[in-house]
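Student: Below you'll find the structure I mean.
The values are calculated or read from the model by the stated rules, or taken from the named source; none is laboratory data. These figures come from a predicted structure and were not determined experimentally. Using ideal geometry, Cβ is built from the backbone for each residue, glycine included, and neighbour counts are taken over all protein chains shown. The area values use the complete protein model at the heavy-atom level, side chains included, leaving out ligands, DNA and RNA. Shrake-Rupley method; radii C 1.70, N 1.55, O 1.52, S 1.80 Å.
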Amino acid sequence: MIFGSVRRGTRVSVDNERCEIFGFCEMEAPATFKIGPDGKLRIRRMIDRDGLDQAISAARLCPKQAIRVKGEGAYDDE
């Protein structure tokens, strides 16, 4: 699992065990997500507010629900 932090506890994580590299996240949020040459999804360490909004959109589009956004301003607060 990899994480990107935004601010005050907001976290973006990817479960690479679930991810099947469809690439919707990279298309939706190219500044945040990148599929590496090894076929694994990477996340930028620091994500700004626009990046967070795009990451939330990418998480909603993920057919395998491999992306989670939790914390302040996230859709998946718990």
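Student: Among the residues of region 23-64, which ones are surrounded by fewer than 15 Cβ atoms within 10 Å (Cβ to Cβ) and in a loop (DSSP other than H, G, I, E, B)?
Tutor: Gly23, Pro30, Ala31, Gly36, Pro37, Asp38, Gly39, Lys40, Arg45, Asp48, Pro63, Lys64
Student: So Met1 ticks every box in (1) modelled with pLDDT of 80 or more; (2) open to solvent by 50 Å² or more (accessible area, probe 1.4 Å); (3) aliphatic (A, V, I, L, M) but one. Which box is left unticked?
Tutor: That leaves (1) as the condition not met.
Student: Can you run down the residue pairs with Cβ atoms below 8 Å, 6 or more apart or on separate chains, where the first is in region 32-52 and more than 18 Å from Asn16 (Cβ to Cβ) and the partner is open to solvent by 100 Å² or more (accessible area, probe 1.4 Å)?
Tutor: Short answer, once both residue conditions are applied: Gly51/Arg44.
Student: For region 65-77, how many residues meet the condition of being touching a strand residue (DSSP E or B) at 6+ places or on another chain (Cβ under 9 Å), outside any strand (DSSP E or B) and at pLDDT 90 or above?
Tutor: 1
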